[in-house]
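This report concerns only the one structure given below.
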Amino acid sequence: MIAKSEKNFNNTNFLSDYSTVEVLKWAARENKGKIALSSAFGPECQVLLDMIIQNSIDIQIFSLDTGRLFNETYDLISKTEKHYGTKIKIYFPNAADVEKMVSKSGINLFYENIELRKECCYIRKLKPLERALKGIECWVTGLRKEQSETRDNMKVIELDNERNLVKINPLINWTESQIWDYIKQNNVPYNSLHDRGYPSVGCACCTRRVKEGDHPRSGRWWWEKPEHRECGLHIEH
Ligand code: SF4
């Protein structure tokens, strides 16, 4: 397992010379059976999913269904499963938690204020994520620096102290055009919304189309300030 101390953590600098597939293979070897990719079926995660499946790398793949996703995202999940001949493990929010939250604060509570928006993300994403990461010691993500100002300082390997695990971000330095080149060259399935003005796709009610040239994540929680536009999955507390 990749040691979770700062000392050994610094010794992983050699990874900067590795290709993305080599990083994934190395991480799988180091964390046998205890490593997973959390995919939201965005273009970055589709690249990683393709690399993992095509190279038979021993990394589990799971996703969180908040119950508020776009139909196009469900179509992509189904298309991806057929394309690769596999089933992706999907985690759902606890039904009683959602019922309680909606009874108390309304079906579209996230537009009311940032606290209620975060409560919704907590119930629909963070709690199911905790379940999904049980027994996992290394968490693979599709994060890239370019995606948001809150991701600017992220590295290939990080410690998630709160969850006591190592986080691997193999695409952290990839550019958007590298991602799309890979997708086109390797015929990787992707969300049809990306061709219709949605560079970043989350829940349907919290994502809107962006104009040409706008920041790719500006359509996510567009009513909030840019520094608040994260759901809490990848924030260090
Ligand atoms: Fe709720 Fe919106 Fe967060 Fe989805 S993105 S979990 S709908 S607040």
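Values as computed for the structure displayed
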item: Helices (runs of 4 or more DSSP H) within segment 105-212 that include 3 or more residues hydrophobic (A, V, I, L, M, F, W, C) and more than 12 Å from the ligand (Cβ to nearest atom); result: 176-185
item: Some residue of segment 63-78 being farther than 18 Å from VAL201 by Cα and surrounded by 13 or more Cβ atoms within 10 Å (Cβ to Cβ); result: no
item: Pair list, Cβ under 6 Å, 6 or more apart: segment 192-218 residue among the hydrophobic types (A, V, I, L, M, F, W, C) and modelled with pLDDT of 90 or more, other residue more than 14 Å from the ligand (Cβ to nearest atom) and in a helix (DSSP H, G or I); result: LEU193/GLU72; VAL201/LEU193
item: Residue among LEU37, LEU48, LEU24 that is in a strand (DSSP E or B) and at pLDDT 95 or above; result: LEU37
item: Residues within segment 163-206 that are surrounded by fewer than 15 Cβ atoms within 10 Å (Cβ to Cβ) and among the aliphatic types (A, V, I, L, M), tallied; result: 0
item: Hits in segment 26-77 (condition: away from the ligand (no atom under 16 Å from the Cβ) and at positive phi); result: GLY33, SER56
item: Members of segment 78-104 that are within 16 Å of the ligand (Cβ to nearest atom) and either acidic (Asp, Glu) or modelled with pLDDT under 95 (or both); result: ASP97, GLU99
item: Test: residue in segment 147-156 that is closer than 19 Å to CYS203 by Cα and surrounded by 15 or more Cβ atoms within 10 Å (Cβ to Cβ); result: yes
item: Number of the condition not met by ARG229 [criteria: (1) modelled with pLDDT under 95; (2) surrounded by fewer than 20 Cβ atoms within 10 Å (Cβ to Cβ)]; result: (2)
item: Contacts under 6 angstrom Cβ, first residue in segment 144-170 being of a type in the set (Asp, Glu), partner modelled with pLDDT under 80, 6 or more apart; result: GLU162/HIS237
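The values are calculated or read from the model by the stated rules, or taken from the named source; none is laboratory data. Small disclaimer: the values here were computed from a predicted structure and weren't measured. All Cβ positions, glycine included, derive from the backbone under ideal geometry; neighbour counts span all protein chains shown.
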